[in-house]
Amino acid sequence: MIYQTDVLIIGTGIAGLSTAIQLAQARPEVKIRVVSKTNKAECNTKYAQGGIAAVWDRNQDDFEKHVLDTLDAGDELCNESIVRMVVEEGPQRVRELIEWGARFDKIDAMHYDLAREGGHSEKRILHFQDVTGAEIERALLEKTSRFDNIELLEHYYAIDVITQHHLGYNVTRIMPDIECYGAYLLNLKNLEVETHLAKITILATGGTGQIYRTTTNPLVATGDGIAMMYRAKGHVENMEFVQFHPTALYRPTSENPAFLISEAVRGFGGILKTQDGQEFMQHYDERRSLAPRDIVARAIDNEMKMRGEDYVCLDCRHLDPTEFKKHFPNIYDKCLSIGIDPMEQMIPVVPACHYMCGGIKVDDFGRSSIHYLYACGESTNTGLHGANRLASNSLLEAAVFGYRIAQDVAQKIHALQIKAGIPEWDATGTAHPKELVLITQSIKELKEIMSYYVGIVRSNVRLERALNRLHLLYEETEDLYHSTTLSAALCELRNLITIGYLVTRSASMRRESRGLHYTTDYPEKQDFKQSTLL
Ligand SMILES: Cc1cc2nc3c(=O)[nH]c(=O)nc-3n(C[C@H](O)[C@H](O)[C@H](O)COP(=O)(O)OP(=O)(O)OC[C@H]3O[C@@H](n4cnc5c(N)ncnc54)[C@H](O)[C@@H]3O)c2cc1C
């Protein structure tokens, strides 16, 4: 079946929905179709706890401080003009979220309860208890439902974006005029592949955490958009910069996703200690438990390795119990549910893969290297995060770029046409898979490879091993892909392998340690500051 719309948005997190709302407001006559691969609310956005960063109290804070904090975290790889733009436009985007119905905690009728997180020099994080993302997602979905020109399809899996390749042309990575005409979507209710043509396509597919064994990202975070972009020969960059959150709740039987103990708990006074109750962060950074995430995660990794222990602890026993429960009701309840009272026992924590700083290379209006194809949110590399993301800057980035993409698309859309002559998906020669274990086992292998060889601390030998093993997995999976009818699981496996390859390859190209990338073979930072473009 072939369907048409003006704008096709893949993803229903903050990136996809805020773009859709901004565009629907700017151009009520433009038809917008937004798709999600599971139910509409399941995405990284829903799990965000800490909040959204914005300069809010101009008596205490100013744009310059937020800019400097972001640049400092990014370890000289941020694009300063993008940082300034996001920081300066950020407060207006947050005001819009509030107008659209998102609630943030207040200390009184006039003032928001601003929190401070690691790497921030001022209190500037707006939050709703410790479930900010769920609140934002709720408000965005509600607002979206009020527009007649937005159609939302759940359980539609985007397989690939459509380019000249599907018209039989040989498309290469150095070709300057690749064009996107929409995407092939697998309707997960009847397993039919549908052709969805659009004048503009926007990838808002979120993060990549599922390449690792322990991650705070939900199961949908398989890097589909980045993998699609790479297959379409678009530009992807800085994929080595994977942020490990220092403090996910440790469980002896690992949970997927791992439960996050927000950075805000450390901002609130929680202190990292070893299992025997010794503070250790003073050996690594003068900001101690509030140092940027990369420093804290490496410090924890080092302490665990030196002591041969599976976790360290977050001590909150000295904090005011009433205030703690008021600020972190979700974290408090989760801890209680596993038999830990944070007011009486230390919380066991481990680092877990949390955020992808790199991704689809886009410009200041979210335009990718492929014509008519934009990208927004965690799947992108805008230049904001550089080599390391400052806490709570990602929701902000998605809101700011969602607005800018909508403005750009609104200006151009009426001059564009739907491409004619696009062939439907060809499934000839494929059969139903006989052994699903081939897929599940390969996903497990991939997670092991990435966790052992391409984790917080890397080396040439480990990266080479990872590349060899990934190559084998890639060959096996391509054979399966070409002989089997499509399923979301098989497509996700294929995408996860591509993301694993992109992270590992980018890591081997960076012959220095910078930001989130640390290698024992090149422990120092070099003078050159270039991105790793693949
Ligand atoms: C536990 C946790 C806590 C966090 N806390 C914070 C915080 O406090 N502050 C902050 O700024 N950031 C935080 N982050 C990061 C932030 O939540 C994400 O970076 C942000 O929400 C990403 O939004 P997004 O719209 O780009 O992607 P997502 O919200 O992940 O949305 C992705 C969407 O794409 C869809 N999709 C993906 N692939 C396909 C496909 N093939 N076909 C169809 N649909 C597809 C999914 O179904 C989903 O709808 C946190 C992340 C996690 C996991």
Here the membrane-span-like helices of the chain, with no claim about any membrane, defined by DSSP H, Cα axial extent at least 27 Å and mean Kyte-Doolittle at least -0.5, are 80-99, 393-412, 488-509
Long-range amide H partners of Thr380, meaning residues 5 or more apart or on another chain whose placed amide H is closer than 5 Å, are Ile360
Under the helix-only model (-39500 (n - 2.57) for each DSSP H run of 4 or more, divided by the residues of the chain), the mean residue ellipticity at 222 nm, to 500 deg cm²/dmol, is -11000 deg cm²/dmol
For segment 273-290, in residue order, the Karplus 3J(HN,Hα) values (coefficients 6.51, -1.76, 1.60; θ = phi - 60°; whole Hz; Gly and Pro = x) are 9, 6, 4, 8, x, 8, 5, 9, 5, 5, 6, 10, 7, 5, 7, 6, 5, 9
Listed by chain and number, the residues whose amide H is under 5 Å from that of Ile162, excluding neighbours fewer than 5 places away on the same chain and using placed H, are Tyr181, Gly182, Ala183, Tyr184
Calc'd 3J(HN,Hα), segment 520-528, phi into Karplus 6.51 cos²θ - 1.76 cosθ + 1.60 (θ = phi - 60°), Hz, glycine/Pro = x, comes to 5, 6, 9, x, 9, 7, 9, 6, 6
Between the modelled labels at His482 and Asp108 (7 Å from Cα along Cα→Cβ) the distance in nm is 7.0 nm
Rounded to the nearest 10 Å², the 1.4 Å probe accessible area of Phe63 is 50 Å²
Distance in nm between Glu76 and Val461 label points, each 7 Å along Cα→Cβ, equals 3.0 nm
With all protein chains in place and a 1.4 Å probe, Lys334 shows an accessible area in Å² (nearest 10) of 50 Å²
Ignoring GluC sites (Glu not before Pro) buried by more than 10 other Cβ within 10 Å or outside DSSP loops, the longest site-free run in the chain is 30-285
Per residue, accessible area of the chain with a 1.4 Å probe, heavy atoms of protein chains only, in Å², comes to 40 Å²
Counting only protein heavy atoms with a 1.4 Å probe and every protein chain in place, the carbon and sulfur fraction of the accessible surface of the chain in whole percent equals 49 percent
Computed over segment 17-161, the relative contact order (Cα-Cα under 8 Å, seq sep at least six) in percent reads 44 percent
Heavy-atom accessible area with a 1.4 angstrom probe orders Thr247, Thr485, most exposed first, as Thr485, Thr247
Residues meeting the amide H criterion for Ala352 (H placed from the backbone, H to H distance under 5 Å, 5 or more places apart or on another chain) are His245, Thr247, Ala248
Using a 1.4 Å probe on heavy atoms of the protein chains only, the accessible area for Trp425 in Å², nearest 10, reads 70 Å²
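The values are calculated or read from the model by the stated rules, or taken from the named source; none is laboratory data. For clarity, every value in this text was computed on a predicted model and none was experimentally measured. Don't worry about glycine lacking a Cβ; one is built from the backbone with ideal geometry, like all the others, and counts go over all protein chains shown. Areas reflect the complete protein model, heavy atoms only, side chains present, ligands, DNA and RNA absent. Shrake-Rupley method; radii C 1.70, N 1.55, O 1.52, S 1.80 Å.
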